[in-house]
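The values are calculated or read from the model by the stated rules, or taken from the named source; none is laboratory data. These numbers were taken from a predicted model, which means no experiment stands behind them. Cβ placement follows ideal geometry from the backbone for every residue including glycine, while neighbour counts extend to all protein chains displayed. Note: accessible area is taken over every heavy atom of the protein model, side chains too, but ligands, DNA and RNA are not part of it. Shrake-Rupley method; radii C 1.70, N 1.55, O 1.52, S 1.80 Å.
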Amino acid sequence: MSDSQKQFIYLSALCCFLQMSSFVSPALGQLEANEFERQIRPLLSEHCFACHADGSAEGNMSFDKLFEEDDSQQRHETWHRILKQLQAGLMPPEDEVQPNEEQILAVTNWIKYQEFGLNPDAPDPGRVTLRRLNQVEYRNTVRDLLGVDYDTSTNFPADDTGHGFDNIGAVLSMSPLLLEKYVNAAKDIVSSVVPVESAVMRHQSMPGDRFVAETDDDSTTQPTGGRRMGREDRRVLTLSYYSPMEAQAALDVEHPGDYVVRLNLAANESYVDNQFDDNSCEFAFSIDGREVLRETFVRQGGKDYAFDFERSFQPGTYKLTASIKPLSQSTQVRQLRLEIKSVDLIGPKDPSYFVKPDGYDQFFPRDVPSDDVERRAYARELLGQFASRAFRRPVEPDNLERLVDLAESVISHGDTFESSISKAMTAVLASPRFLFREEAWAPGSSDEYPLIDEYSLASRLSYFLWSSMPDAELIALAGEAQLRDNLDTQIDRMLHHEKASTFSENFVGQWLRARVVESIQINASTVLSREPTSIDPEADIRRQLFFSLFRKAKQRTPQEEVEYEREKERYLRSFGGGSRFELTDEVRTAMRRETEMLFEHIVTNDLSLLDLIDSDYTFLNDALSAHYQIEGLDPVEGSAMRLVQLPAASHRGGVLTQGTTLVVTSNPDRTSPVKRGLFILENLLGTPPAAPPPNIPALEDVKAEANKKLSLRETLAIHRQDALCSSCHNQMDPLGLAFENFNALGRYRTQELGQKIEAAGELNSGEHFATVDELKRILVENRRLEIYRCITEKMLTYSLGRAVEYTDAHTIDELVANLEANDGRAQALVRGIIRSSAFQRMRSPQAKNDKQLTNLIHSPSHR
């Protein structure tokens, strides 16, 4: 019987067990106190004690120590490991006598409902650690709150990670340095968008591409020697250092008065390694025929300039003239250029012509009252609205009054009303109530595990699916206590909202390590040099020479450096040239998006999560399609990623054969079957092996000791002969070697180092496969429940911001059973997590004390 069949029977029996009240006592669903000695211990003795008791402790597991353990937390964690081994079908080993399904169910139920003391009628939601916003959440929240895209990756230190994710409350600490950075960030964010006065001088900006050249027949044309770049973000006029040119633009003035004309320039270049360009030019600028600037420019390396000219104008149109003239005849090496970014007209200086600052009405929708009482009421209204949005719940009256007092204290020192509001808003963004996700019980809750209130639920929902604050609709429903009643509608809306892309970016980006593909180091020339198109003894000698020079790296002599470059070129030519298969930024980004978009497509369309393992479609653009070179695939054109139906013979369906997985599980110079096998065990089957023992020799040392030319498969076979290595490598190696047809660049190949690649293997559970496609089918058909359980644990960890613990055992079993009943559809898991006790409830202090008492009563010393 396969592991999948065992687990199906187990889950079916579990569902029956949960529905039969005769099996469960009204209180905690525990077996009778003497049931352990009568039923459970004999089963453990028959199937486990030979290796794990009576002095034996294989795998560092001993029931002798477990029964003597007085620390309930430590004991529960050990039983939790045992529970997971039983549910995954890993214990007892395949070559031992196997317990039947009823016996497995009896042991697992005893662990959950007696040893752990779980109540299936009131599942323990687990502990909740106060969660600070991580970098992504902070950036998205500020964007949705104020419309500011604040660069958190530059201004904040990297977030710590725990259990594979960077939103785990237990590791999101707050140091004094980080607090100082949050205060500075709050100042920068608020000052960038919130006006501090009610009226300012007019500020009109004319983009540089408005300049044109005039011809003798009074027509206009593109400036000679210049280039207009008309993209929305780069509307500039480009002037070359090497060609003379002159261009004009019209400046319209509406009101009489004194103005400032500001010319915004940039001196740029196209960089060329180890080459210097000493050309120079003279730039002149005139306003209505009067020259106001003549300046010499040499190579400036991307420097910006702003020149201000004070002028008095009457209403009318004035001509602006810009010209450039080369001052040297040196050889052009780089592309030196000046760019006119804009010309700003600031004024008139007469206050009667002043206007409201940009965005003023957004923050101050009414005029500021002159009466002190009315002004305080207006400040209370503005700050109450802002603080409630920032805190994701209505601001408490006492806190609001303190913010209003802060604003009034600023006014008393002579600042404007607008400035006082901006200072109070800065205090809001530096407040713990903004930086941390505060949660509270629902009003009137008296349960052992009370429901969280609807504002807390709105935040859990939005940060789970959007990595940002709740929008107005969620907050409005929470304020009306209608969010739970409309939960399915809101989940559907949120999953189809454009913000849902952050769910795949942040969950999949960390779970499947898609984020890493854009930064991981892979040496394309070294990888491809292992794959010549033909077997050639002379080429093999050159290959060995190339590798010996490559390993010397910085220690190569000048002569060896020349030789190294020559040999590298020869080998690149021997397999068709490697430069076009480099992992460029464009290809890496496409790889990441392929993985993210596959997950997003599955969730949005409510498809089976097993499509992550094996599917007949993927997402490609022209760059990634060219990199993969999939036979039989119609040409993919354009840089936009799109859904592509794969040919029947393609090996690319599913994340395991996507570039992201293949690249991040490789070494810089070759593939790593160990890393690839470990990736599958950890992230898809949920059965990671134990940490390796110390002083294990590297594979290169194993090959050297063998003193002969070995394939990677043969080298790993020798490595597994070590008893310390065999148990783990017997799990990892067959899985990883199945993907050897894909190199470290994610490209398909049929041989390496002149030897044909063999992908066939046998899993620990006895299934044989000949190709990677057969392995994927085995995983989908025979290991689907392990996959469901692993994805459930990963997504639950991400959604709750904490590790999965023994208290979650019942919840996870319910979620997995629900997935199986719904054919693995993705939304069954998402909705199941959101509906679960772990997501909807929290522990009360009384429940925590009761749990500690329960643990004490059921400890071995009290049995």
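Table: residues versus (1) open to solvent by less than 20 Å² (accessible area, probe 1.4 Å); (2) in contact with a strand residue (DSSP E or B) (Cβ under 8 Å, 6 or more places away or on another chain); (3) not basic (K, R).
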position	(1), (2), (3)
L633	no, yes, yes
E637	no, no, yes
L646	yes, yes, yes
H651	no, yes, yes
T661	yes, no, yes
V664	yes, no, yes
P668	no, no, yes
T671	yes, yes, yes
V674	no, no, yes
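Going through (1) more than 19 Å from V212 (Cα to Cα); (2) touching a strand residue (DSSP E or B) at 6+ places or on another chain (Cβ under 8 Å); (3) of a type outside the set (D, E, K, R); (4) modelled with pLDDT under 95 one by one, Q275 falls short only on (2).
Conditions (1) in a loop (DSSP other than H, G, I, E, B); (2) within 28 Å of V128 (Cβ to Cβ), marked per residue:
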residue: Q731; (1), (2): no, no
residue: G736; (1), (2): no, no
residue: G766; (1), (2): yes, no
residue: L775; (1), (2): no, no
residue: L779; (1), (2): no, no
residue: I791; (1), (2): no, yes
residue: V804; (1), (2): yes, yes
residue: L819; (1), (2): no, yes
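Going by the structure shown, is R515 among the basic types (K, R) and either free of Cβ contacts under 8 Å to residues at least 12 places away in the same chain or under 14 Å from M597 (Cα atoms) (or both)? In short, yes.
One residue alone among Y378, Y353 is within 28 Å of P432 (Cα to Cα), open to solvent by less than 80 Å² (accessible area, probe 1.4 Å), of a type outside the set (D, E, K, R) and out of contact with any Leu (no Cβ under 7 Å at 6 or more places or on another chain), and that residue is Y378. No other residue among L429, L435 is touching a strand residue (DSSP E or B) at 6+ places or on another chain (Cβ under 7 Å), farther than 29 Å from A826 by Cα and open to solvent by less than 30 Å² (accessible area, probe 1.4 Å) apart from L435.
At pLDDT 50 or above and either within 28 Å of R127 (Cβ to Cβ) or acidic (D, E) (or both): does that describe Q85? In short, yes. Could you please tell me which pairs satisfy a Cβ distance under 8 Å, a separation of 6+ or placement on different chains, a first residue in the range 774-789 that is under 9 Å from D614 (Cβ atoms), and a second residue that is of a type in the set (G, A, S)? These pairs meet every condition: K776/G653; K776/G654. Under the condition of being open to solvent by less than 50 Å² (accessible area, probe 1.4 Å), of a type in the set (D, E, K, R) and without any contact (Cβ under 8 Å) to a residue 40 or more places away in the chain, the residues counted in the range 140-186 number 1.
Across the range 750-764, the qualifying residues are those that are part of a loop (DSSP other than H, G, I, E, B), open to solvent by 30 Å² or more (accessible area, probe 1.4 Å) and under 30 Å from L86 (Cα atoms), and the one among them that is modelled with the highest pLDDT is A760.
For the range 761-773, a residue qualifies if it is without any contact (Cβ under 8 Å) to a residue 12 or more places away in the chain and out of contact with any Gly (no Cβ under 8 Å at 6 or more places or on another chain), and exactly one does: A770. Scanning the range 424-456 for residues that are more than 28 Å from E401 (Cβ to Cβ) and not in a loop (DSSP other than H, G, I, E, B) returns a single hit, L451. Look at (1) surrounded by 21 or more Cβ atoms within 10 Å (Cβ to Cβ); (2) touching a Gly at 6+ places or on another chain (Cβ under 9 Å); (3) among the hydrophobic types (A, V, I, L, M, F, W, C) and you find that V128 fails only one, number (1). Just a yes or no: is a residue in the range 561-572 hydrophobic (A, V, I, L, M, F, W, C), part of a helix (DSSP H, G or I) and either at pLDDT below 70 or surrounded by fewer than 15 Cβ atoms within 10 Å (Cβ to Cβ) (or both)? Yes, the range 561-572 contains a residue that is hydrophobic (A, V, I, L, M, F, W, C), part of a helix (DSSP H, G or I) and either at pLDDT below 70 or surrounded by fewer than 15 Cβ atoms within 10 Å (Cβ to Cβ) (or both). Elements of the type helices (runs of 4 or more DSSP H) sitting completely within the range 54-141 and holding at least 2 residues that are touching a Ser or Thr at 6+ places or on another chain (Cβ under 9 Å): these cover 63-68, 72-87.
Inspect all residues belonging to the range 390-402 and state whether any of them is without any contact (Cβ under 8 Å) to a residue 12 or more places away in the chain and either farther than 29 Å from P176 by Cβ or among the polar types (S, T, N, Q) (or both). Yes, some residue in the range 390-402 is without any contact (Cβ under 8 Å) to a residue 12 or more places away in the chain and either farther than 29 Å from P176 by Cβ or among the polar types (S, T, N, Q) (or both).
Looking only at residues in the range 330-350 that are open to solvent by less than 40 Å² (accessible area, probe 1.4 Å) and of a type in the set (A, V, I, L, M), the one that is farthest from Q314 (Cα to Cα) is L336. When the residues of the range 466-521 are filtered to those that are more than 27 Å from G147 (Cβ to Cβ) and part of a loop (DSSP other than H, G, I, E, B), the one that is least open to solvent (accessible area, probe 1.4 Å) is L512. If only residues of the range 255-272 that are at pLDDT below 95 and surrounded by fewer than 17 Cβ atoms within 10 Å (Cβ to Cβ) are counted, the one that is nearest to D209 (Cα to Cα) is E269. At least 1 residues being within 24 Å of N730 (Cα to Cα) is the threshold, and among the helices (runs of 4 or more DSSP H) wholly inside the range 602-696 those reaching it are 659-664, 673-683. The residues of the range 332-364 that are in contact (Cβ under 8 Å) with a residue 40 or more places away in the chain and polar (S, T, N, Q), listed by number, are Q332, Q335, S342.
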